[in-house]
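Scroll down for the structure; my scribbles are underneath it.
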Amino acid sequence: MNDATMMEKPPKLIPVLIGGAAITASAVIPGINFLNCLCCAGVMGGAILAVWFYKKNFPYDMPFRISDGVIVGTLSGLVGSVLTAIIETITMGLGSEQARFEMEQEIERAFDQAATQGSDPAVLEGVQQFMTTLLTNPFMLFLMVLLFTAVVFAGFGALGGVIGGNIFKTKDLPTPADPMN
């Protein structure tokens, strides 16, 4: 084994937090959040950013592999999902009573329209109760947002990690027997 395989890899914490913050920003800032309509480009971009920061900490003679990028990208996606769930829960939960009332009215109209189209009334009532519970219970709202974003952000974060890993992977280093390469 050479010295490069014996060296410990740099810590992932700071790059993962930076990537997670970028992913969160791409998800919650109005206008920028439309990036995620393009196959979660904001999530993948945040993961690539995290991989770039992680690669910057590598010594020159330590190989950087695609798998390093995948790990950092996935972890960035998970951090971004937690931060996004917290921010979304706070913004939805702290909305005014008028906004909450309007949202409940909009849900009521949507369910009335679905009922006129021949949907099963028992299913509609169950879904409507669930939506009402979701809007009135911040913990339940947090869990639902976290569950959805964790799956999506981890998946697209891993994909961004693959892309970043391919971009920043270590090219074959010259061997001491062949100094001309």
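Sort through Phe64, Phe53, Phe139 and tell me the only one that's over 15 Å from Gly155 (Cα atoms), surrounded by fewer than 16 Cβ atoms within 10 Å (Cβ to Cβ), within 28 Å of the chain's Cα centre (by Cα) and of a type in the set (Phe, Trp, Tyr).
Numbers: Phe64 fails: surrounded by fewer than 16 Cβ atoms within 10 Å (Cβ to Cβ); Phe53 fails: surrounded by fewer than 16 Cβ atoms within 10 Å (Cβ to Cβ).
Only one candidate qualifies: Phe139.
Check off (1) closer than 30 Å to Gly93 by Cβ; (2) at pLDDT below 95; (3) not β-branched (Val, Ile, Thr) for Leu147 and give me the number that stays unchecked.
(2)
Per-residue answers, yes or no, for (1) in a helix (DSSP H, G or I); (2) among the aliphatic types (A, V, I, L, M); (3) out of contact with any Ser or Thr (no Cβ under 7 Å at 6 or more places or on another chain); (4) under 23 Å from Phe148 (Cβ atoms):
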position	(1), (2), (3), (4)
Tyr60	no, no, yes, no
Pro63	no, no, no, no
Val72	yes, yes, yes, yes
Gly80	yes, no, no, yes
Thr84	yes, no, no, yes
Met92	yes, yes, yes, yes
Ile107	yes, yes, yes, yes
Val127	yes, yes, yes, yes
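Only one of Val28, Val72 is within 30 Å of Glu8 (Cα to Cα) and in contact (Cβ under 8 Å) with a residue 60 or more places away in the chain; which?
Values: Val28 fails: within 30 Å of Glu8 (Cα to Cα).
It is Val72.
Identify the single condition in (1) under 20 Å from the mean Cα position of the chain (by Cα); (2) in contact (Cβ under 8 Å) with a residue 60 or more places away in the chain that Phe34 does not satisfy, given that it satisfies every other one.
(2)
Specify which of the listed residues (Ala47, Ala25) is over 9 Å from the mean Cα position of the chain (by Cα) and on the phi < 0 side of the Ramachandran plot. Talk me through it step by step, then tell me what you get.
Values: Ala47 fails: over 9 Å from the mean Cα position of the chain (by Cα).
Being over 9 Å from the mean Cα position of the chain (by Cα) and on the phi < 0 side of the Ramachandran plot holds for just one of Ala47, Ala25, which is Ala25.
Give Ala115, Ala122 a once-over and let me know the one that is surrounded by fewer than 12 Cβ atoms within 10 Å (Cβ to Cβ) and assigned to a helix (DSSP H, G or I).
Values: Ala115 fails: surrounded by fewer than 12 Cβ atoms within 10 Å (Cβ to Cβ).
One residue alone meets the criteria, Ala122.
The values are calculated or read from the model by the stated rules, or taken from the named source; none is laboratory data. The shown structure was predicted, so the numbers you read here are calculated from the model rather than taken from an experiment. Neighbour counts run over all protein chains shown; Cβ positions are idealised from the backbone, glycine included.
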